[in-house]
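Since the structure comes first, as C-alpha coordinates, the remarks are kept for the end.
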Amino acid sequence: QVQLVESGGGLVQPGGSLRLSCKASGSIFRINAMGWYRQAPGKQRELVATITSGGSTNYADSVKGRFTISRDNAKNTVDLQMNSLKPEDTAVYYCNSNILQRGWAVSLDYWGQGTQVTVSS
(Lines give C-alpha, C1' and ligand atoms only; values in the text may rest on other atoms or scores of the structure.)
Protein backbone atom coordinates (compact mmCIF):
# COMPACT_ATOMS: atom_id res chain seq x y z
CA GLN A 1 0.00 0.00 0.00
CA VAL A 2 1.29 3.45 -0.97
CA GLN A 3 0.02 6.84 0.11
CA LEU A 4 0.79 10.36 -1.05
CA VAL A 5 -0.05 13.13 1.39
CA GLU A 6 0.07 16.78 0.33
CA SER A 7 0.29 19.90 2.44
CA GLY A 8 0.82 23.62 2.04
CA GLY A 9 -2.16 24.92 0.08
CA GLY A 10 -4.15 27.97 1.06
CA LEU A 11 -5.22 31.49 0.17
CA VAL A 12 -2.62 33.98 -1.06
CA GLN A 13 -2.73 37.39 -2.68
CA PRO A 14 -1.58 37.91 -6.27
CA GLY A 15 2.20 38.18 -6.36
CA GLY A 16 2.55 36.08 -3.24
CA SER A 17 4.21 32.72 -2.67
CA LEU A 18 3.25 29.29 -1.44
CA ARG A 19 5.15 26.05 -1.01
CA LEU A 20 3.46 22.71 -1.51
CA SER A 21 4.89 19.48 -0.12
CA CYS A 22 4.06 15.87 -0.80
CA LYS A 23 5.34 12.79 1.02
CA ALA A 24 5.09 9.24 -0.25
CA SER A 25 4.90 6.44 2.28
CA GLY A 26 4.26 2.73 2.38
CA SER A 27 5.87 -0.33 0.87
CA ILE A 28 8.13 1.55 -1.56
CA PHE A 29 10.99 -0.04 -3.43
CA ARG A 30 11.71 2.80 -5.83
CA ILE A 31 10.17 6.12 -6.80
CA ASN A 32 10.61 7.12 -10.43
CA ALA A 33 9.20 10.44 -11.65
CA MET A 34 7.33 12.71 -9.28
CA GLY A 35 5.24 15.70 -10.19
CA TRP A 36 2.49 18.18 -9.59
CA TYR A 37 -0.71 18.61 -11.56
CA ARG A 38 -3.59 21.01 -11.10
CA GLN A 39 -7.26 21.20 -11.94
CA ALA A 40 -9.22 24.43 -12.02
CA PRO A 41 -13.04 24.45 -11.89
CA GLY A 42 -14.51 23.41 -15.21
CA LYS A 43 -11.12 22.51 -16.68
CA GLN A 44 -9.15 19.34 -17.24
CA ARG A 45 -6.30 18.35 -14.97
CA GLU A 46 -3.04 19.69 -16.36
CA LEU A 47 0.65 19.12 -15.75
CA VAL A 48 2.44 21.77 -13.71
CA ALA A 49 5.90 20.29 -13.22
CA THR A 50 7.70 16.96 -13.06
CA ILE A 51 11.06 15.79 -11.79
CA THR A 52 12.88 12.53 -12.46
CA SER A 53 14.76 10.51 -9.88
CA GLY A 54 17.94 12.01 -11.31
CA GLY A 55 16.68 15.56 -10.89
CA SER A 56 15.70 16.49 -14.44
CA THR A 57 12.75 18.87 -14.44
CA ASN A 58 9.96 19.80 -16.81
CA TYR A 59 7.54 22.71 -16.44
CA ALA A 60 4.34 23.90 -18.06
CA ASP A 61 4.98 27.07 -20.04
CA SER A 62 2.53 28.95 -17.85
CA VAL A 63 4.65 28.43 -14.71
CA LYS A 64 8.20 28.58 -16.06
CA GLY A 65 10.30 31.09 -14.17
CA ARG A 66 7.79 31.27 -11.30
CA PHE A 67 7.54 27.71 -9.95
CA THR A 68 10.33 25.40 -8.86
CA ILE A 69 9.98 21.67 -8.27
CA SER A 70 12.41 19.77 -6.06
CA ARG A 71 12.61 16.38 -4.39
CA ASP A 72 14.39 14.66 -1.56
CA ASN A 73 14.96 11.03 -2.50
CA ALA A 74 15.97 10.06 1.02
CA LYS A 75 12.69 11.37 2.45
CA ASN A 76 10.45 10.40 -0.50
CA THR A 77 9.19 13.96 -0.79
CA VAL A 78 8.53 16.37 -3.62
CA ASP A 79 7.98 20.09 -3.16
CA LEU A 80 6.64 22.85 -5.37
CA GLN A 81 7.76 26.40 -4.62
CA MET A 82 5.32 28.81 -6.22
CA ASN A 83 6.27 32.46 -6.55
CA SER A 84 4.63 35.44 -8.26
CA LEU A 85 1.28 33.71 -8.04
CA LYS A 86 -1.53 34.82 -10.32
CA PRO A 87 -5.31 34.40 -10.02
CA GLU A 88 -5.14 31.95 -12.92
CA ASP A 89 -3.00 29.66 -10.74
CA THR A 90 -6.07 29.00 -8.59
CA ALA A 91 -6.78 25.27 -8.66
CA VAL A 92 -6.63 22.05 -6.72
CA TYR A 93 -3.04 20.83 -6.90
CA TYR A 94 -2.33 17.11 -6.98
CA CYS A 95 0.89 15.27 -6.26
CA ASN A 96 1.72 12.37 -8.55
CA SER A 97 4.43 9.72 -8.24
CA ASN A 98 5.36 6.68 -10.27
CA ILE A 99 6.24 4.08 -7.67
CA LEU A 100 7.46 0.50 -7.71
CA GLN A 101 6.28 -1.29 -4.60
CA ARG A 102 8.40 -3.96 -2.92
CA GLY A 103 7.73 -7.35 -4.51
CA TRP A 104 5.98 -5.89 -7.54
CA ALA A 105 7.13 -6.25 -11.15
CA VAL A 106 5.67 -3.03 -12.51
CA SER A 107 5.43 0.52 -11.24
CA LEU A 108 2.16 2.40 -10.96
CA ASP A 109 1.09 6.02 -10.82
CA TYR A 110 -0.25 7.20 -7.47
CA TRP A 111 -2.10 10.43 -6.67
CA GLY A 112 -2.50 12.51 -3.58
CA GLN A 113 -5.86 13.76 -2.37
CA GLY A 114 -5.27 17.30 -3.64
CA THR A 115 -4.73 20.62 -1.93
CA GLN A 116 -6.54 23.85 -2.76
CA VAL A 117 -4.56 26.89 -3.86
CA THR A 118 -6.52 30.12 -4.18
CA VAL A 119 -4.91 33.31 -5.47
CA SER A 120 -7.14 36.29 -4.79
CA SER A 121 -7.06 39.77 -3.36
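The figures follow:
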quantity	calculated
From phi via Karplus (6.51, -1.76, 1.60), per-residue ³J(HN,Hα) for the range 57-71 in Hz, x at Gly/Pro	10, 9, 10, 5, 4, 5, 10, 4, x, 10, 10, 9, 9, 8, 9
For the range 82-90, 3J(HN,Hα) per residue [Karplus equation, 6.51 cos²θ - 1.76 cosθ + 1.60, θ = phi - 60°, Hz, x = Gly/Pro]	10, 10, 6, 5, 10, x, 6, 7, 4
R0 of 35 Å, Cβ-Cβ distance Asp61-Gln3: FRET efficiency to nearest 0.05	0.65
Exposure ranking of Glu46, Glu6 by accessible area [1.4 Å probe, largest first]	Glu46, Glu6
Amide H contacts of Thr90 (H built 1.01 Å from N, under 5 Å, at least 5 apart or other chain)	Val119
All lysines inside 28 Å of Lys43 as judged from Cα atoms, apart from same-chain residues fewer than 8 positions distant	Lys23, Lys64, Lys86
Debye intensity ratio in log₁₀ form over the Cα atoms of the range 53-121, taken at each q of 0.12, 0.23 Å⁻¹	-0.41, -1.20
Part-to-part distance (alpha-carbon centres) for the range 72-101 and the range 29-44, which is given in Å	7
Derived scalar couplings ³J(HN,Hα) [the range 93-106; Karplus, 6.51 cos²θ - 1.76 cosθ + 1.60; whole Hz; x for Gly, Pro]	9, 10, 8, 9, 9, 9, 10, 9, 7, 4, x, 9, 9, 10
Long-range amide H partners of Gln101 with built H, under 5 Å	Phe29, Leu108
Most mobile listed residue (Asp61, Asp79, Asp109) in the chain, GNM with C-alpha springs under 10 Å	Asp61
Interchain or long-range residues, amide H under 5 Å from Gly114's placed H	Glu6, Cys95
Over the chain, volume per residue of the alpha carbon convex hull, in Å³	95
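The values are calculated or read from the model by the stated rules, or taken from the named source; none is laboratory data. This is a predicted model, so every value here is computed, not measured. With ideal geometry, Cβ positions are generated from the backbone for all residues, glycine too; neighbour counts draw on all protein chains shown. Heavy atoms of the whole protein, side chains included, go into the accessibility calculation; ligands, DNA and RNA do not. Shrake-Rupley method; radii C 1.70, N 1.55, O 1.52, S 1.80 Å.
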